[in-house]
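The next block holds one structure in the form of structure tokens; read it before the comments.
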Amino acid sequence: MTAIRHISCALPDRAVGNEELAREHPEWEMDSVVERAGVVSRRISAPGETAFDLSVRACAALVEESKLELSEVDAIVYCTQSPDYVMPGNAHLLHRQLELGDSVLAFDYNLACSGYVYGLAFADSFIRTGLASQVLLVTADTYSRYINPADRSASVLFGDGAAVTHLSGGEDGARIVAAELCSHGRDFEKFFIPAGGMRTPATAETARESTDRHGNVRSAQDIHMDGLGVWGFINSAVPDHVKGFLDRRSLTLDDVDLFVFHQASQMTLDSLAKALRLPPEKMYVRMAEVGNLVSASIPVALRAALDEGRVGSGDRVLLSGFGVGLSYGSVLVEL
């Protein structure tokens with residue numbers, strides 16, 4: 001049995017509130033931002049501060065908060081879409097930073113909003129097969145680097161942050177019971193950055209800004225998010241996925257004590273609660289003061305739920321992520 005032993009988090013010091021955005025963009029209707037996005041403030045990394053820097057801070061917090069000896073770590077699984085370099089990946093930078101031995105496996109994977117549940121499944125597989133025994137799962141992103149400040153659809157929503165999760169075999173902690181991972185690649189253009197990769201390299205032309213019919217300003221090197229399109233996909237795919245996932249384990253929604261979904265937006269969470277008929281007390285939300293933290297959103301929310309005592313020994317928690325790819329998946333844990 002694989003268990004989550006501890007989760008530590010790190011957020012940038014700078015908080016950008018809705019009042020600041022309203023001063024910079026008086027034409028934006030910030031009241032509707034709170035209603036739809038559910039965000040009143042978001043954490044934004046400082047100039048030169050990267051996802052890797054935040055993950056180093058999260059690792060330092062993990063060592064301070066838990067009894068983990070770094071010499072025991074034998075795997076680093078690192079999820080980010082904002083790495084320090086094209087190559088190598090952040091996992092190997094962290095391997096050097098933590099001064100780990102050569103027998104440690106380390107790799108990056110490129111996922112966003114479903115990254116945490118994918119990473120839990122990876123770590124569980126490594127531990128179950130004996131490939132690793134003490135895993136650091138790092139989920140860290142600085143999406144603010146990819147967002148045009150004049151793009152209201154994205155800049156009001158996303159924040160930056162990192163989380164590191166320590167997993168190992170055993171019964172202590174939140175034990176991973178089951179996982180399912182899914183993909184919907186045919187609609188990848190609903191949430192992507194058109195230029196900057198090998199298919200369309202960055203040029204002066206791809207850096208040229210344009211304004212869409214909703215007044216959002218972007219270049220081809222910025223995040224392009226079809227918010228309603230992604231929201232529609234989530235509404236059509238995720239409720240059936242969650243119910244099917246539980247049904248295949250002979251469980252119902254009533255058997256789950258707490259649902260921790262990717263903190264996409266308040267509108268998304270409200271629509272999922274409605275579709276699944278979940279009462280407010282069964283869904284944990286921690287987004288208002290930090291924003292959508294992409295791959296770090298679920299572990300940051302889960303850590304807060306544990307700290308607040310929202311769940312305890314014997315409880316079942318369903319973790320579910322969805323977004324870029326398009327991808328989605330769920331992991332069931334028992335405390």
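Taking the Cβ of residue 100 as the center, what net charge do the other residues with Cβ under 14 Å away carry, scoring Lys and Arg +1 and Asp and Glu -1?
Cβ neighbours under 14 Å give a net charge of -4.
Would you mind getting the accessible area per residue of region 148-264, heavy atoms of the protein chains only, 1.4 Å probe, in Å²?
That works out to 48 Å² for each residue.
Between rounded, prolate and oblate, where does region 1-43 land on the alpha carbon gyration tensor, with a ≥ b ≥ c its root eigenvalues, rounded for a/c under 1.5, else prolate if a/b exceeds b/c?
Numbers: a/c = 6.53, a/b = 2.36, b/c = 2.77.
Note, shape of region 1-43 comes out oblate.
Could you calculate the contour length gain from residue 186 to residue 277, that is, 0.36 nm times the residue separation minus the distance between their Cα atoms, to one decimal place in nm?
29.9 nm
In nm, to one decimal, how far is the residue 206 label point from the residue 172 one, both placed 7 Å along Cα→Cβ?
Going from the residue 206 label point to the residue 172 one covers 4.9 nm.
Go ahead and estimate [θ] at 222 nm for the chain from helices alone: -39,500 (n - 2.57) per DSSP H run with n ≥ 4, summed, over the residue count, rounded to 500.
Estimated from H runs of four or more residues: -9000 deg cm²/dmol.
Where the Cα atoms of region 23-133 are projected onto their three principal axes, how long is each span, largest first, in whole Å?
Cα extents, longest axis first: 55, 32, 29 Å.
Between residue 125 and residue 198, what length in nm is gained on full extension when 0.36 nm per residue of separation is reduced by their alpha carbon distance? Walk me through the intermediate numbers first.
Values: separation 73, 0.36 × 73 = 26.28 nm, distance 3.16 nm.
Using 0.36 nm per residue and subtracting the Cα-Cα distance, I get 23.1 nm.
For residue 283, what charge total do you get from the other residues with a beta carbon under 12 Å from its beta carbon, if Lys and Arg give +1 and Asp and Glu give -1? Provide the component values of the computation, followed by the final result.
Numbers: positive: 274, 277, 282, 286, 310; negative: 257, 270, 281.
With Lys, Arg at +1 and Asp, Glu at -1, the net is +2.
Stokes-Einstein D for region 232-335 at 37 °C, 0.692 mPa s, Kirkwood Rh over Cα pairs, in µm²/s? Let's see the in-between values first.
On the way: Rh = 13.8 Å.
The diffusion coefficient I find is 238 µm²/s.
How long are the three semi-axes of the equivalent ellipsoid of region 177-305, in whole Å, if each is the root of 5 times an eigenvalue of the C-alpha gyration tensor, listed from largest down?
Over the Cα atoms of region 177-305, the semi-axes work out to 33, 17, 14 Å.
What Kirkwood Rh does region 25-67 have if only Cα atoms enter the pairwise 1/r average? Answer in Å.
That comes to 13.4 Å for region 25-67.
Can you put 6, 262 in order of accessible area, largest first, using a 1.4 Å probe?
6, 262
Normalise the Cα radius of gyration of region 277-316 by 2.2 N^0.38 Å (N = residues in it) and let me know the number.
My calculation over the Cα atoms of region 277-316 gives 1.23.
Counting pairs of alpha carbon atoms under 8 Å apart in space and at least six apart in sequence, what relative contact order in percent does region 175-271 give?
22
Please sort through the DSSP H helices of the chain and keep those with an alpha-carbon extent of at least 18 Å along the long axis and a Kyte-Doolittle average not below -0.5.
Qualifying helices: 51-65, 115-129, 227-247.
With the contact rule set at Cα under 8 Å and sequence spacing of 6 or more, what percent relative contact order holds for the chain?
Details: 718 pairs, mean separation 86.3, N = 335.
Over the chain, the number comes to 26 percent.
I want the local charge near residue 2. Using Cβ-Cβ distances under 15 Å, sum +1 for each Lys or Arg and -1 for each Asp or Glu among the other residues.
-2
Within region 234-335, list the trypsin sites (Lys or Arg not before Pro) lying in a DSSP loop whose Cβ has at most 10 other Cβ atoms in a 10 Å radius.
Qualifying residues, ordered by number: 248, 277.
Distances longer than 14 Å among the Cα atoms of region 221-263: what percent of all pairs is that?
62
Given the chain reduced to its alpha-carbon atoms as identical point scatterers, what log10 I(q)/I(0) does the Debye formula return at q = 0.15 Å⁻¹?
-1.29
Would you kindly calculate the mean projected area, averaged across all directions, of the convex hull enclosing the Cα atoms of region 50-203, in square nanometres?
Values: hull surface 43.6 nm².
If I average the Cα hull's projected area over directions, I get 10.9 nm².
What is the Cα coordinate range of region 173-227 on the first, second and third principal axes, sorted by size from largest, in whole angstrom?
49, 29, 26
What's the magnitude of the charge dipole for region 88-147 around its Cα centre, counting Lys and Arg as +1 and Asp and Glu as -1 at the beta-carbon? Answer in Debye, nearest 20.
Result for region 88-147 is approximately 80 debye, rounded to the nearest 20.
Of the GluC sites (Glu not before Pro) in region 228-335, which ones lie in a loop per DSSP and count no more than 11 other C-beta atoms within 10 Å? Intermediate values should be presented prior to the final figure.
Details: sites: 281, 289, 308, 334; in loops: 289, 308.
Those that pass, being in a loop and sparsely packed, are 308.
Taking only protein heavy atoms and a 1.4 Å probe, what accessible area per residue, in Å², does region 23-147 have with all protein chains in place?
So region 23-147 comes to 48 Å² accessible per residue, rounded to a whole number.
Provide the FRET efficiency to the nearest 0.05 for the residue 46-residue 228 pair, computing r from the beta carbons and using R0 = 41 Å.
0.80
Per the 1.4 Å probe, what fraction of the accessible area of region 1-138, in percent, lies on carbon and sulfur atoms?
Numbers: 3340 of 6640 Å².
The C+S portion of the solvent-accessible surface of region 1-138 is 50 percent.
Using unit Cβ charges (K, R positive; D, E negative) and no other charged atoms, how large, in debye to the nearest 20, is the dipole of region 206-307 about its Cα centre?
Dipole magnitude for region 206-307 comes out near 140 debye.
Would you work out which of 34, 264, 292 lies farthest towards the positive end of the dipole of the chain? Charges go on Cβ: Lys and Arg +1, Asp and Glu -1.
264
For Cα pairs less than 8 Å apart in space and 6+ apart in sequence, what is the mean separation divided by the residue count of region 1-81, i.e. the relative contact order in percent? Don't skip to the answer; put the middle values down first.
Details: 52 pairs, mean separation 32.4, N = 81.
40 percent.
Rounding to the nearest 20 debye, state how big the charge dipole of the chain is about its Cα centre with +1 on each Lys and Arg Cβ and -1 on each Asp and Glu Cβ.
Details: 29 positive and 45 negative charges, 125 e Å.
It works out to roughly 600 debye.
Out of the DSSP beta bridges found with both residues in region 202-335, what percent are antiparallel (nearest 5)?
On the way: 10 of 15 bridges.
Rounded to the nearest five, the antiparallel share is 65 percent.
Could you point to the residue in 332, 252, 16 farthest towards the positive end of the chain's charge dipole, with +1 and -1 charges on the Cβ of Lys/Arg and Asp/Glu respectively?
The listed residue farthest towards the positive side: 252.
Hand me the trypsin sites (Lys or Arg not before Pro) from region 39-101 located in a DSSP loop with no more than 15 other Cβ atoms within 10 Å, in residue order please.
Those that pass, being in a loop and sparsely packed, are 67.
Would you please give the FRET efficiency between residue 249 and residue 102, computed as 1/(1 + (r/R0)^6) with r the Cβ-Cβ distance and R0 = 41 Å, to the nearest 0.05?
0.55
The values are calculated or read from the model by the stated rules, or taken from the named source; none is laboratory data. Since this is a predicted model, take the numbers as computed values, not measurements. Glycine also receives a Cβ, built like all others from the backbone with ideal geometry; neighbour counts cover every protein chain displayed. The protein model used for the area step is the full one, side chains on, heavy atoms only, and it has no ligands, DNA or RNA in it. Shrake-Rupley method; radii C 1.70, N 1.55, O 1.52, S 1.80 Å.
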